[in-house]
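To start, the structure itself, in structure tokens.
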Amino acid sequence: MRYREKAKLKLSILTVLAVLVAMTMSNTGAHADEIVCISCHGAMPGKYGEPVKLWRGSIHEENGIACNACHGGDPRDAANAMKKERGFLGAPTYNEVPGFCGRCHVGVLKDYLASRHGRALATGGPNCVVCHGNHHVVKASLELINEKSCSRCHSYDRAKLIKGAMQETEGIIVALDSRIEGYKQQGTDTDRLEKELFSLRNRFHSLFHNVDVTKVTAESATIQAELKKLATALNGLDEQRQRRKVGGAVAVAIALAAALLAHLMRKTYE
Ligand code: HEC
Ligand code: HEC
Ligand code: HEC
Ligand code: HEC
Ligand code: HEC
């Protein structure tokens, strides 16, 4: 009932809005193409138009994080879009970037600020943009740790140790994920296994930003031990299935033998 009333209310509001839009021809919707930041900047050459091209196809665009979500401002009023009174923040300086991105990525910001990178921000440490880029941010992966990127400021040796430990763990996670998926497709209840893997995966992916080789290797080992427990549970399922298969085969063999026996007995009596 409540839902239907809400839906009705929504519909009438939408109707009113549609009429208003038609009457004023103003941009009331929140669709990407109606965000004035995009239409105005998209038509500009050089460094003011570039962000729009880079942002398209980014993970932020995919998740509805447009210009104003990061930079503030009013996405519906071209004349006042970049007014301070409308919450416009402008472009952050190098040192402001972590706080700027960290408004949403709170956990990452905390780890980063406590890390050697965060503590060296003002003296040559990388900010978020150095590794992730500013407008073309894509899904994060261990590929971001590579010699070309990390050896801009120091040797790659320590970075390589972190990547090695993390790659090994990632490999185990991916393998377990596909085993669980296999069971799920056969109708096994994999809810608990999935949840456990999900939480271990999240814990694992929050490891990197502390860039502490000792911590990353130690925590990777702990996570691997937890993953081993999951693997053991899956091995248990494998054995059950094997037993069922053997059991099934035995049953078939017995049935065949019985049929043969019956056949032979009939022959003897005939
Ligand atoms: C009508 C055109 C227009 C609209 C609408 C517009 N901008 Fe701009 N924007 C500009 C121009 C021109 C500049 C460069 C000159 C300046 O800084 O004022 C600029 C500069 C910027 C800068 C760089 C500022 C700096 O400090 O270097 C950012 C960031 C920015 N705009 C974001 C936005 C966002 C976010 C919106 C939407 C809420 C938006 N713009 C809407 C025209 C526009
Ligand atoms: C994920 C957050 C984020 C989003 C979304 C975003 N920006 Fe930015 N933008 C930044 C950061 C960070 C900088 C600072 C540049 C740097 O450090 O490389 C910046 C810088 C800029 C600048 C200044 C460029 C220069 O060279 O001076 C402009 C203009 C700009 N952004 C416009 C936009 C427009 C238009 C959009 C929407 C298409 C947008 N941004 C979306 C984070 C964002
Ligand atoms: C207004 C909130 C907001 C701001 C500000 C913001 N992001 Fe995001 N970011 C998101 C959302 C939402 C996603 C997609 C959901 C997710 O993966 O967490 C995302 C995804 C990401 C991802 C991919 C995460 C993954 O799972 O692989 C990276 C990397 C990222 N953002 C980096 C940045 C950087 C760097 C900045 C600053 C330049 C920034 N973000 C600013 C909201 C924001
Ligand atoms: C913009 C320069 C810069 C880039 C790029 C950079 N770092 Fe760093 N890194 C630093 C600075 C500065 C320190 C702090 C050194 C200190 O505390 O004395 C540091 C420290 C570290 C440390 C801790 C010190 C140690 O030897 O154990 C690790 C690990 C590390 N970085 C890994 C990486 C990885 C991995 C990448 C690439 C994804 C990377 N760094 C990219 C500047 C950079
Ligand atoms: C030295 C390079 C470097 C810097 C600096 C850096 N990142 Fe990352 N970031 C990475 C790498 C590498 C990964 C992938 C880790 C993984 O796959 O587990 C990552 C992963 C992420 C993710 C995805 C995390 C998840 O849980 O899946 C987000 C979001 C993110 N970074 C945001 C940020 C923000 C915000 C900042 C600044 C406060 C920042 N990063 C600074 C290299 C960096």
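In this structure, Arg116 does not qualify as basic (Lys, Arg) and either crowded, with 18+ Cβ neighbours inside 10 Å or within 10 Å of ligand 3 (Cβ to nearest atom) (or both).
Is it fair to say Ala122 is more than 9 Å from ligand 5 (Cβ to nearest atom) and closer than 15 Å to Asn210 by Cα? Answer is no for this residue. Filtering region 172-195 to residues that are open to solvent by 40 Å² or more (accessible area, probe 1.4 Å) and under 22 Å from Ser141 (Cβ atoms) leaves Ile172, Val174, Ala175, Asp177, Ser178, Arg179, Glu181, Glu194. Give the residue, chosen from Thr188, Thr169, that is in contact with a helix residue (DSSP H, G or I) (Cβ under 9 Å, 6 or more places away or on another chain) and at pLDDT below 95. After applying the criteria, what remains is Thr188.
For every residue, the table says whether it meets (1) at pLDDT below 95; (2) among the charged types (D, E, K, R); (3) open to solvent by 50 Å² or more (accessible area, probe 1.4 Å); (4) in a helix (DSSP H, G or I).
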{"position": "Glu226", "(1), (2), (3), (4)": "no, yes, yes, yes"}
{"position": "Leu234", "(1), (2), (3), (4)": "yes, no, no, yes"}
{"position": "Glu239", "(1), (2), (3), (4)": "yes, yes, yes, yes"}
{"position": "Gln242", "(1), (2), (3), (4)": "yes, no, yes, yes"}
{"position": "Ala249", "(1), (2), (3), (4)": "yes, no, yes, yes"}
{"position": "Leu260", "(1), (2), (3), (4)": "yes, no, yes, yes"}
{"position": "Arg266", "(1), (2), (3), (4)": "yes, yes, yes, yes"}
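Here Ala165 meets each of (1) open to solvent by less than 50 Å² (accessible area, probe 1.4 Å); (2) part of a helix (DSSP H, G or I); (3) under 29 Å from Gly57 (Cα atoms) with one exception, condition (3). Within region 153-162, being assigned to a helix (DSSP H, G or I) and exposed (fewer than 12 other Cβ atoms within 10 Å of the Cβ) holds for one residue alone: Asp157.
Against the numbered list (1) away from ligand 3 (no atom under 14 Å from the Cβ); (2) loosely packed, with under 15 Cβ neighbours inside 10 Å, Leu144 comes up short only at (1).
Condition check for Gly99 on (1) away from ligand 2 (no atom under 14 Å from the Cβ); (2) within 23 Å of the chain's Cα centre (by Cα); (3) open to solvent by less than 50 Å² (accessible area, probe 1.4 Å): one failure, at (1).
The values are calculated or read from the model by the stated rules, or taken from the named source; none is laboratory data. Given the structure is predicted, the values throughout are model-derived calculations rather than measurements. Methodologically, a virtual Cβ is constructed for each residue, glycine included, from the backbone with ideal geometry; neighbour enumeration extends over all protein chains shown. What goes into the accessible areas is simple: the full protein's heavy atoms, side chains included, and nothing from ligands, DNA or RNA. Shrake-Rupley method; radii C 1.70, N 1.55, O 1.52, S 1.80 Å.
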